[in-house]
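Encoded as structure tokens, the structure appears first; notes follow it.
Just so it is clear, none of the values below were taken in a lab; they were calculated from the coordinates. Keep in mind that what you see is a predicted model, and the values were worked out from it rather than measured. Here the Cβ positions follow ideal geometry from the backbone for every residue, glycine too, while neighbour counts run over all protein chains shown.
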Amino acid sequence: MYNASDLRKGLKIQIDNEPYIITVFEFSKPGKGQALYRCKLKNMISGISINRTYRSVDTFKPVSLDERKMQYLYEQDNEYCLMDTENYEQIFMNHEQIGDAHNFMTDNIDVTILFFEERPIDLTLPNFVDLTVTKADPWVKGDSVSGDSKPVTLETGYTLRVPPFIEEGSKITIDTRTGEYVTRVKT
Amino acid sequence: MIPGQENMSHESKHNQDQYPVKFRKEQLWLRANMIQAIRTFFIDHQYLEVETPSLIASPAPESHIDAIEAGNLYLQSSPELLMKRLVAAGYNKIFQICRCFRKDERGRQHLPEFTMLEWYRAGIDYKALMEECEDLLFTVVKALGKEQKIHYQGQTIDLEKPWKRISVRQAFDRYSSITPEKALMEDCFDQIMVTMIEPHLGSTKPTFLYDYPASLGSLARLKPDENDLAERFELYMAGIELANGFSELVDPEEQEERFKKDREERTRSGKVNYPMPKKFLLALKDMSDTAGIALGIDRLIMILGNREFIDDVVCFTPDELQENSRP
């Protein structure tokens, strides 16, 4: 358990069994009055921020987070099935929990899942993934109108702009943190 | 010229995170010069400078102030009780600049170890003390070569006397939708003070907030005509609480009763109790009417030096003393 005097920016505490991180912290103590610990806290699952004022008698349950290496198996009705690569346990995460990661997830990709009290709350992809281009306009030599890039669609349905020489069937590397093209994968 | 002003300007542009104390020259000079000016004021006004021990046996049993243990004694959370014993012994005008220590107090305006100016004067009450406080700060600011209008974090505070005075009742009336009595009953007095009232106090002129509910002035005399109010005041500048003063309670029996209540409250909230300050109570018998005040030196430097954080006005913060932290 934490005491109020442990509170500080960046500390993670539980409120109503949800994990929160303190984003703004202010200690005040008026006159000869009691200490007040004013916090802005962000829910680590929903991202919603709340304000709370605590007193010195308040105590807080720490947030314990576990990371587990898992493999993405398949998607069905917006539910993503993942398997623990050590004990083969399977879990499901929904669209909301996964966020934009689905743009870069192909079957059998290795990911890291963050667990809060046995609940999966976040998914981290490798920084770079290789994906196949499924739709691209052909490159017309000397075409200067379309400029330095053109839109393509990947096997996951994600669209992005790439250099004009990328063709349908090419494999390209994407930076999952920015969602941008990095290079063509030589085959 | 005030010492230190000649070599301050060119060094402050570097990354302040690398070696914080290097970039506090302006504030440390201000601190030194300010303390000199304060001493001069009190010496000019025939005050005796005293040094009471920092290691004490029985801190005042305040409900919300915790002392730090040092062996089988305590580091003083305030020099109040020992200074009043001096007043009771016939030292009618005394002042002290000393370190005070308070457990678990750390924030933008709080350090667990800080510098306090405290002074007592026999024969006056809290209203006269407010005027002396005005005189002191007015004189100190002038001695520092600063203008009468202070700029602090976007606010301009005019020190021209007289300063603003507003009673606690008026402040609750003006800035909140609750009376002080109701706030006390619902245990939200401090919260309303911090969130709704303090931010307005002292924004254009220094402001005295005065006449606190009786229960919030453990060592203060009650008003003779309204004994639900204590003759206590706080001084605010730019929303920052700078000083706390009152007409001293000099009735040993009543003081003992109040201490007992404070100790019970400490027990209820799971806090340790200190030995009853019996020698202080005994001394009160010999004390005549007196007013006394404590003023936070670090916060005054913050205001005059236009710093948002108390960290910027001390040589080293507690965090910087940790061996695994920055220099």
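To make sure I understand the rule: partners must be lysines, Cα under 18 Å from the Cα of A:LYS135, and not fewer than 8 residues away in the same chain. Which ones qualify?
Hits, sequence-local ones excluded: A:LYS150, A:LYS171.
Ranked by Cβ crowding within 10 angstrom, fewest neighbours first, how are B:GLU160, B:GLU118, B:GLU26 ordered?
Fewest-to-most Cβ neighbours within 10 Å comes out as B:GLU160, B:GLU26, B:GLU118.
Among the aspartates and glutamates, which fall within straight-line cross-link reach of A:LYS69, defined as a Cα-Cα distance under 13 Å, with same-chain neighbours fewer than 8 residues apart omitted?
A:ASP84, A:GLU86, A:GLU89, A:ASP110, A:ASP122
At 222 nm, what helix-only mean residue ellipticity would chain B give, in deg cm²/dmol to the nearest 500, using -39500 (n - 2.57) for each DSSP H run of four or more?
-9000 deg cm²/dmol
Starting from the Cα gyration tensor of segment B:164-251, multiply each eigenvalue by 5, take the square root, and state the resulting semi-axes largest first in whole Å.
Working: eigenvalues 82, 53, 21 Å².
After scaling each eigenvalue by five and taking roots: 20, 16, 10 Å.
In whole percent, what relative contact order does chain A give with Cα contacts below 8 Å and a gap of six or more residues?
It comes to 14 percent, rounded to a whole number.
Relative contact order for chain B using alpha-carbon pairs under 8 Å, separation at least 6, rounded to a whole percent? Spell out each step's value before the answer.
Working: 579 pairs, mean separation 73.2, N = 327.
Relative contact order comes out at 22 percent.
Normalised radius of gyration for segment A:105-187, please: alpha carbon Rg relative to 2.2 N^0.38 Å, two decimal places.
1.32
Helix B:252-268 sits at what angle to the longest principal axis of chain B, using alpha carbons and giving 0 to 90 degrees rounded to 10?
In chain B, helix B:252-268 runs at an angle near 70 degrees to the longest axis.
Given segment A:68-153, what whole percent of its Cα pairs are spread farther than 19 Å?
47
Viscosity 0.890 mPa s, temperature 25 °C: what is the translational diffusion coefficient of segment A:2-60 from Stokes-Einstein with a Kirkwood Rh over Cα pairs, rounded to a whole number of µm²/s?
211
For chain A, which span is the longest to avoid every loop-located (per DSSP) member of trypsin sites (Lys or Arg not before Pro) having at most 15 other Cβ atoms inside 10 Å?
It works out to A:10-140.
Could you work out the mean projected area of the convex hull around the alpha carbons of chain A, in square nanometres to one decimal? Display every interim value, and only then the final one.
Values: hull surface 61.3 nm².
With the hull built on Cα positions only, its mean projection is 15.3 nm².
Between B:ASP286 and B:VAL21, what is the FRET efficiency for a Förster distance of 60 Å, r being their Cβ-Cβ separation, to the nearest 0.05?
The pair B:ASP286/B:VAL21 has a calculated efficiency of 0.85.
How large are Rg and Dmax for segment B:29-121 when only the alpha carbon atoms are used, in Å?
Gyration radius and largest Cα-Cα distance of segment B:29-121: 14.2, 39 Å.
For a quick check of your reading of the filter: which GluC sites (Glu not before Pro) in segment A:30-121 sit in a DSSP loop and have no more than 15 other Cβ atoms within 10 Å?
Those satisfying the criteria are A:GLU86, A:GLU89, A:GLU117, A:GLU118.
What relative contact order, as a whole-number percentage, does segment A:128-184 give when Cα pairs under 8 Å and 6 or more residues apart are counted?
Once normalised by length, the contact order is 41 percent.
With a 10 Å Cβ neighbour count serving as the proxy for reagent exposure, in which order, fewest first, do A:TRP139, B:TRP119, B:TRP163, B:TRP29 appear?
Numbers: A:TRP139 13, B:TRP119 27, B:TRP163 22, B:TRP29 18.
Fewest to most other Cβ atoms nearby, the residues stand as A:TRP139, B:TRP29, B:TRP163, B:TRP119.
Write down the Å³ per residue value for the convex hull defined by the alpha carbon atoms of chain B.
Details: hull volume 48.0 nm³, N = 327.
Per-residue hull volume (Cα only) is 147 Å³.
From the mean inverse distance of alpha carbon pairs (Kirkwood) and the Cα radius of gyration, derive Rg over Rh for the protein assembly as shown.
Details: Rg = 31.2 Å, Rh = 27.5 Å.
Taking Rh as the inverse mean 1/r over Cα pairs, Rg/Rh reads 1.14.
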